[in-house]
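Taking it in order: structure first as structure tokens, then the write-up.
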Amino acid sequence: MINLTDIYKIYSDGDSEIRALDGISLHVAKGEFVSIVGSSGSGKSTCMNIIGCLDVPTKGTYYLNGTDVSTMREKELAHIRNQELGFVFQQYNLIPKLSILENVELPLLYRGIPSGKRRQMAMESLDRVGIADRAKKLPSQLSGGQQQRVSIARALAGNPSVILADEPTGALDSKTGREVLAFMRQLHEDGTTVVLITHDNSIAQEIPRIVRIQDGKIISDIVKEDAK
């Protein structure tokens, strides 16, 4: 599903260079639930940007679902993002003036899906996260946990190959964060491939596979015994 091989991301800083990623290799199988954990500046966000086709590596290869995306141009990457990937962000990234339903429909609109089918797919996704009864509400009329569920519904609406969750519990209180994490676990149990980025070790410990990044390198990759 996800195959990163000897990936570098190097930035120039005057006469020196910064290796945000320093030769990492990571392989994620279809249906896995993986956490990528590290402190600020460790390289975990850069890793997510590469996996999410938001950036390209300086060196190395990245195959997503058997397709080499590591040398694609932005237009090609945008197509891959829209067709293959679903994103869940810490700050939800919902459009305030659009209803919940319209927010979930948005990526489907970009795919060119007709309005009737688009609405049906969006409602099914909202129903899947248990919030279909709020479809006509605005984001401001929902709690933080409900807004995060909407962002998950939006990520799921197009049936992506991979869900990428960037600190999805970071803006939530601990109880609501646990509820969102439980829902992500349910997606995994239903067969969805989930990659979750976090700085929080307690969150990472709840996930079957824990990949730790430090100074742009993977320093450990552990599959919990009960997940084998």
Restricting attention to region 70-112, which residues are more than 18 Å from Ile163 (Cα to Cα), in a helix (DSSP H, G or I) and in contact (Cβ under 8 Å) with a residue 40 or more places away in the chain? Ile100
Only one residue in Leu156, Leu181, Leu126, Leu142 is in contact (Cβ under 8 Å) with a residue 24 or more places away in the chain, within 19 Å of Ile2 (Cα to Cα) and not aromatic (Phe, Trp, Tyr), so which one is that? Leu156
Of everything in region 15-44, what is free of Cβ contacts under 8 Å to residues at least 24 places away in the same chain and part of a loop (DSSP other than H, G, I, E, B)? Give them in sequence order. Asp15, Gly41
Residue pairs within 7 Å by beta carbon, gap of at least six or interchain, first lying in region 184-203 and in contact (Cβ under 8 Å) with a residue 60 or more places away in the chain and within 13 Å of Ala29 (Cβ to Cβ), second open to solvent by 50 Å² or more (accessible area, probe 1.4 Å) and in a loop (DSSP other than H, G, I, E, B), listed first then second, are Thr193/Lys30
In region 50-62, is there at least one residue being free of Cβ contacts under 8 Å to residues at least 60 places away in the same chain, of a type in the set (D, E, K, R) and part of a strand (DSSP E or B)? yes
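Answer yes or no: is there a residue in region 14-27 that is under 16 Å from the mean Cα position of the chain (by Cα) and open to solvent by 60 Å² or more (accessible area, probe 1.4 Å).
Initial filter on region 14-27 (under 16 Å from the mean Cα position of the chain (by Cα)): 26-27.
With the extra rule that they be open to solvent by 60 Å² or more (accessible area, probe 1.4 Å), the set shrinks to 27.
Within region 14-27, one or more residues are under 16 Å from the mean Cα position of the chain (by Cα) and open to solvent by 60 Å² or more (accessible area, probe 1.4 Å).
The values are calculated or read from the model by the stated rules, or taken from the named source; none is laboratory data. Computed from a predicted model, the values in this text were never measured in an experiment. Positions of Cβ are backbone-derived with ideal geometry, glycine not excepted, and every protein chain shown enters the neighbour counts. Calculation scope for accessible area: heavy atoms of the full protein, side chains included, ligands and nucleic acids excluded. Shrake-Rupley method; radii C 1.70, N 1.55, O 1.52, S 1.80 Å.
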